[in-house]
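One structure is given here, and the rest of the page talks about it.
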Amino acid sequence: MPQPTENGSGQRIRLLSFNIQAGTSTARYHHYVTHSWRQVLPHTQRVANLDAIAEFAASFDMVALQEADSGSLRSGYINQTRYLASQAAMPFWCHQSNRRVGKVAYAGNGFLSRFEPSAVEEHRLPGVIPGRGTLLVRYGEGPNGLDFAVVHLALGKRARSQQLNFLARELDSGRNLIVVGDLNTEVHSPQVAEFCETMALRAPTGGLATYPSWQPQRAIDHILVSERLRTGTAEVFDMTFSDHCPIALEITLPDGMQLEAATRPVLSVERSGAP
């Protein structure tokens, strides 16, 4: 359970973001071709990877997932967000299904938490190619509340720009805000820099390389936070369970703001999109 900071004020929370590639290990670029069957068929290594991810995630308070399978052939028709929540003993989970490829693959965003949110929303992101979304988890009411947005942006620069402009309109910069996920670009890119300026966000994880996991060179996974939120240690973890490395950040909530622990077992609160 999160502890107060050393001076006794402010709730301290550990955040994690991880593009899990549906639990598929990738150790070389050529594996995208030679191991491509793993993207469409179930295999035992995927389950072992998910169990290892769950064990790792259990030490965090909030976990954002990208490319978590919603329940298709490759995952054995298991919703991976729900599976990870159960294995990590996270009392709250929710999931947004975004991109379906027949019955073979069904990717989405997921969120695990030790705290009970006030509301969960999902938003479809614009783009020529559909299948991108934002999962928005809200805690508390009014300007003292906290919004946690899990995003996975497009590969193309033009689509990313459209998506960030959309998020700038939909998200509330008047609340404490955390935008986390695979942005597929560096934080100093013009689109992200403009988004951060508009939303009064800073990037304490900027410059931490997360991709590719076997030799991280690009900082494309980020945790952006409101200027009002104090931040601590930011870290990338060396793991081989995906083609991305997970990234983590410690934050301290403003004085007087307290998130309440979820008291129920794993919840069936799935926010799925249209197939």
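The values are calculated or read from the model by the stated rules, or taken from the named source; none is laboratory data. Everything numeric in this text was worked out from a predicted model, so none of it was measured. Glycine gets a Cβ as well: all are built from the backbone with ideal geometry, and neighbour counts include every protein chain shown.
Output yes when any residue across segment 64-77 is on the phi > 0 side of the Ramachandran plot, crowded, with 19+ Cβ neighbours inside 10 Å and in contact (Cβ under 8 Å) with a residue 60 or more places away in the chain, and no when none is.
Within segment 64-77 (the criterion being on the phi > 0 side of the Ramachandran plot, crowded, with 19+ Cβ neighbours inside 10 Å and in contact (Cβ under 8 Å) with a residue 60 or more places away in the chain), the answer is yes, since at least one residue qualifies.
Scan segment 172-184 and give yes if some residue there is of a type in the set (Gly, Ala, Ser), at pLDDT 95 or above, within 26 Å of residue 54 (Cα to Cα) and in contact with a Lys or Arg (Cβ under 8 Å, 6 or more places away or on another chain), otherwise no. Break it down stepwise before answering.
To start, the set of residues in segment 172-184 that are of a type in the set (Gly, Ala, Ser) comprises 173-174, 181.
Subset that is at pLDDT 95 or above: 181.
In the following step, the residues that additionally are within 26 Å of residue 54 (Cα to Cα) were identified as 181.
Then drop every residue that is not in contact with a Lys or Arg (Cβ under 8 Å, 6 or more places away or on another chain), which leaves none.
No - not one qualifying residue is present in segment 172-184.
Applying the selection to segment 147-162, what residues are surrounded by fewer than 24 Cβ atoms within 10 Å (Cβ to Cβ) and not hydrophobic (A, V, I, L, M, F, W, C)?
Matches in segment 147-162: 147, 156, 157, 158, 160, 161, 162.
Being out of contact with any helix residue (DSSP H, G or I) (no Cβ under 8 Å at 6 or more places or on another chain), at pLDDT 95 or above and surrounded by 14 or more Cβ atoms within 10 Å (Cβ to Cβ) narrows it down to one residue among 5, 81; which is it?
The conditions single out 81.
Checking residue 223 against (1) within 16 Å of the chain's Cα centre (by Cα); (2) surrounded by fewer than 22 Cβ atoms within 10 Å (Cβ to Cβ); (3) of a type outside the set (Asp, Glu): exactly one of these is not met. Which one?
(2)
Out of 204, 216, which single residue is closer than 24 Å to residue 115 by Cα, assigned to a loop (DSSP other than H, G, I, E, B) and of a type outside the set (Lys, Arg)?
None of the others qualify; the one that does is 204.
Just one of (1) modelled with pLDDT of 95 or more; (2) under 20 Å from residue 139 (Cβ atoms); (3) hydroxyl-bearing (Ser, Thr, Tyr) trips up residue 263, so point out which.
Status for residue 263: all satisfied but (1).
Kindly establish whether residue 234 is surrounded by fewer than 16 Cβ atoms within 10 Å (Cβ to Cβ), outside any loop (DSSP other than H, G, I, E, B) and aliphatic (A, V, I, L, M).
No.
Could you check how many residues of segment 87-117 are among the hydroxyl-bearing types (Ser, Thr, Tyr) and either touching a helix residue (DSSP H, G or I) at 6+ places or on another chain (Cβ under 6 Å) or within 17 Å of residue 61 (Cβ to Cβ) (or both)?
1
Specify which of the listed residues (45, 66, 39) is of a type in the set (S, T, N, Q), modelled with pLDDT of 60 or more and over 24 Å from residue 116 (Cβ atoms).
Checking each option against the conditions leaves just 45.
Would you please list the contacts, defined by Cβ atoms under 6 Å and residues six or more apart or on different chains, that run from a residue in segment 177-189 that is over 20 Å from residue 67 (Cβ atoms) to a residue that is in a loop (DSSP other than H, G, I, E, B)?
The qualifying pairs are 187/203; 187/206.
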